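Chemist: Got a structure for you, questions after.
The values are calculated or read from the model by the stated rules, or taken from the named source; none is laboratory data. The structure displayed is predicted, hence computed values, not measured ones. Cβ coordinates were reconstructed from backbone atoms using ideal geometry, including for glycine residues, and neighbour counts include every protein chain displayed. Please note that ligands, DNA and RNA were not included when accessible areas were found on the heavy atoms of the full protein model with its side chains. Shrake-Rupley method; radii C 1.70, N 1.55, O 1.52, S 1.80 Å.
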Amino acid sequence: MTIIVWNGEVLAADKMADNAGHKGVVTKIRRVNEGSLVAFTGDWDHAQAMFAWAQDGFEIAKHPECQKGADWVGMMRITPDGRCLKYERSPYPSDFTEEVMAAGIYAMGSGRDYAIGAYGAGCLLSEQMVQITNKYCVGCGLGFDWAKLNGDGTI
């Protein structure tokens, strides 16, 4: 229940968490010590394990055990040189950098189709795509955060 959008310049994500039907506000984007931005979809406790793994340097041998089960989380990583990587069940990412360069965006989470639709309708800013998704997707909302690699943003 998330929307994460990268347009090659800005990473943006909604702020809604859901726990047994109760909504809460969280920050899904983080900066890690080696200069990457990371953002998460899925269960918050597993997202915290993935954040700790990212903060610790993405060591393959230290990849969280929780990612091997049925309830894994997705993590988008924007590297310091602007590559767009997606981690799921393994420590080996899928590289979507070329897709971002060709299509203009990469989006993940339950609100993905709304964000892609907003982009197709002419919206170019990641923040606006997330705002539009928050308006129409029941699994996304409660505001948004955004970040650039250079340090600008709300996080």
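Chemist: Placing +1 on the Cβ of each Lys and Arg and -1 on the Cβ of each Asp and Glu in the chain, which of Ile60, Cys137, Ala70 has its Cα farthest towards the positive end of the resulting dipole?
Modeler: Cys137
Chemist: For the chain, what is the accessible area per residue in Å² when the probe is 1.4 Å? Intermediate results must be reported in sequence, preceding the final value.
Modeler: Numbers: 7590 Å² over 155 residues.
Roughly 49 Å² per residue, with all protein chains present.
Chemist: Related question: On full extension of the chain, what length is gained from Glu34 through Asp113, given 0.36 nm per residue of separation minus the C-alpha to C-alpha distance? Could you put the intermediate results ahead of the total?
Modeler: Working: separation 79, 0.36 × 79 = 28.44 nm, distance 3.10 nm.
Result for the pair: 25.3 nm of gain on full extension.
Chemist: Let me ask you something else. Provide the packing ranking of 92-103, 49-60, 133-144, i.e. peptides ordered by the mean count of other C-beta atoms within 10 Å per residue, highest first. Kindly include the intermediate steps, with their values, before the conclusion.
Modeler: On the way: 92-103: 13.4, 49-60: 15.8, 133-144: 18.7.
Sorting 92-103, 49-60, 133-144 by mean packing, highest first, produces 133-144, 49-60, 92-103.
Chemist: Is there a quick way to get the dipole size of the range 34-155? I mean about its Cα centre, with the Cβ of Lys and Arg at +1 and of Asp and Glu at -1; what is the value in debye to the nearest 20?
Modeler: Numbers: 9 positive and 16 negative charges, 44 e Å.
Magnitude of the dipole: close to 200 debye.
Chemist: Taking a spot 7 Å from the Cα of Asp45 along the direction of its beta carbon, which residues of the range 1-37 have an amide N less than 13 Å from it?
Modeler: Within reach of a label on Asp45, which here means backbone N under 13 Å from a point 7 Å along Cα→Cβ, the range 1-37 contributes 20.
Chemist: State, to one decimal in nm, how far the label point of Glu65 lies from the label point of Leu124, with both points 7 Å from Cα in the Cβ direction.
Modeler: Going from the Glu65 label point to the Leu124 one covers 4.9 nm.
Chemist: Same structure, new question: Testing the spin-label approximation: label points 7 Å from Cα along Cα→Cβ at Asp81 and Tyr136. State their distance in nm.
Modeler: 3.7 nm
Chemist: A follow-up question, please. Projected onto the charge dipole of the range 23-105 (+1 at Lys/Arg Cβ, -1 at Asp/Glu Cβ, origin at the Cα centre), which of Trp44, Phe96, Gly82 gives the Cα projection farthest towards the positive end?
Modeler: The Cα lying farthest towards the positive end belongs to Trp44.
Chemist: Let me ask you something else. How many lysine pairs in the chain, separated by 8 or more positions in sequence or lying on different chains, have Cα atoms less than 30 Å apart?
Modeler: 22
Chemist: When you count, for each residue, the other Cβ atoms within 10 Å and take the mean per peptide, how do 36-44, 67-75 rank with the highest first?
Modeler: Details: 36-44: 21.3, 67-75: 16.0.
The peptides rank, most packed first, as 36-44, 67-75.
Chemist: Related question: Leaving out ligands, DNA and RNA, what percent of the accessible area of the range 111-155 is carbon and sulfur, probe 1.4 Å? Don't skip to the answer; put the middle values down first.
Modeler: Numbers: 1340 of 2410 Å².
Solvent-exposed carbon and sulfur of the range 111-155 make up 55 percent of the total.
Chemist: Suppose only helical runs count, i.e. DSSP H with n ≥ 4. What mean residue ellipticity at 222 nm does that imply for the chain under -39500 (n - 2.57) per run, divided by all residues and rounded to the nearest 500 deg cm²/dmol?
Modeler: Values: 4 runs with 39 residues, N = 155.
Here the helix-only value at 222 nm equals -7500 deg cm²/dmol.
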